[in-house]
Amino acid sequence: MKSKILVVGSINMDVVMTVEKLPARGQTVPGLAMQSFPGGKGANQAVALSLLGSPVTFLGCVGQDESGHRLINNLRESGVDTSSVHIEAATPTGTALIAVEESGENFICVYAGANSKLDQEKVRKHAELDKVSAVIASLEIPLEPVDLVLELAHKRGITTVLNPAPARELTNRIYQHVDFLIPNETELAQLSGLKVENLDDVRLASARLLTRGVKVVVSTLGTQGAYYYSETEQFHVPAISVQMVDATGAGDAFVAAFTSKITAGATSRQAVEFAALVGALTVTKPGAQNSLPSMEDVEDFAKRREVVDGEDV
């Protein structure tokens, strides 16, 4: 019986510096604190899925260095199947340098490192698609393995989810292999070629992407919430108000939560509402994987929100 979700993507060591305010171009600002956390969009999504109770395998590459070993151990400790993680002897592990201001806003610079070594050969050798019910891919790795794994999964009738981050030009052939495209508002604008400043813009941009072959667009819109768009169903889910500490990893948590619910048979609205809840809870803690909630955390958060008669906490 198919049960696992396969995540194909990046794995990085995140070096996070807290600052009072993000620097402008050419400006130097003092750091208030610095820590390192396991990260990378693919690894974040895999850990989030496992914490939410979904069996998950991660396919990616790390270097044969201290960071690589730490990252693999963290995946294992989080319950992720690491049998498809490849260790690159001659290339360092990917690294992300992240500055986070006190408001929670951030900017990120990523060195791909070993992530750049993930190729089609590794997909063909390690994907084991006969054992999975869904595939999640993102774009911090080369496009060729993403293209291939989506195509192979689509041909087998496996649910395909693409988180197009960071956004880059995609062929219609790739779009045609995607069941659920989950961009943020910046990525939605880049992919569609349209401005995205309000919900009307989101609808127009989503409609344009459907003409390229994707079946559903689920856009994460920060303080505006999330928007689901398909040919037969469109709806908006408002944002959940929380005290934001660090937005790193929130989009990955949303992608994982949505996929876990939609593959378990939930309705599209149930899946988006659950993903919004998980994403909101993620921003209340620092770091990427360190901030990801367990199902118990999410259920407790939902109960606390109910206690205050619908007011956000």
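The values are calculated or read from the model by the stated rules, or taken from the named source; none is laboratory data. Predicted model, so just to flag it, every value in this text is computed and none were measured. Neighbour counts are summed over all protein chains in view; Cβ atoms, including those assigned to glycine, are modelled from backbone coordinates with ideal geometry.
If you go through segment 1-44 and keep only what is part of a loop (DSSP other than H, G, I, E, B) and either within 24 Å of Glu102 (Cβ to Cβ) or touching a His at 6+ places or on another chain (Cβ under 8 Å) (or both), you end up with Glu20, Lys21, Leu22, Pro23, Ala24, Arg25, Gly26, Gln27, Thr28, Val29, Pro30.
Residue-wise test of (1) under 16 Å from the mean Cα position of the chain (by Cα); (2) not in a loop (DSSP other than H, G, I, E, B).
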site	(1), (2)
Gly213	no, no
Ser219	yes, yes
Tyr228	no, yes
Ala239	no, no
Asp246	yes, no
Asp252	yes, yes
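So in segment 254-273, with the set limited to residues that are free of Cβ contacts under 8 Å to residues at least 24 places away in the same chain and either assigned to a helix (DSSP H, G or I) or of a type outside the set (Gly, Ala, Ser) (or both), which one is surrounded by the fewest Cβ atoms within 10 Å (Cβ to Cβ)? Result: Thr267. The set of residues in segment 232-247 that are of a type outside the set (Asp, Glu), touching a Ser or Thr at 6+ places or on another chain (Cβ under 9 Å) and modelled with pLDDT under 90 comprises Ala239, Ser241, Val242, Gln243, Met244, Val245, Ala247. Within segment 166-204, restricting attention to residues that are buried (at least 17 other Cβ atoms within 10 Å of the Cβ) and small (Gly, Ala, Ser), the residue that is farthest from Leu148 (Cα to Cα) is Ala189. The residue that is surrounded by the fewest Cβ atoms within 10 Å (Cβ to Cβ), among those in segment 155-165 that are within 23 Å of Glu187 (Cα to Cα) and out of contact with any Phe, Trp or Tyr (no Cβ under 8 Å at 6 or more places or on another chain), is Ala165.
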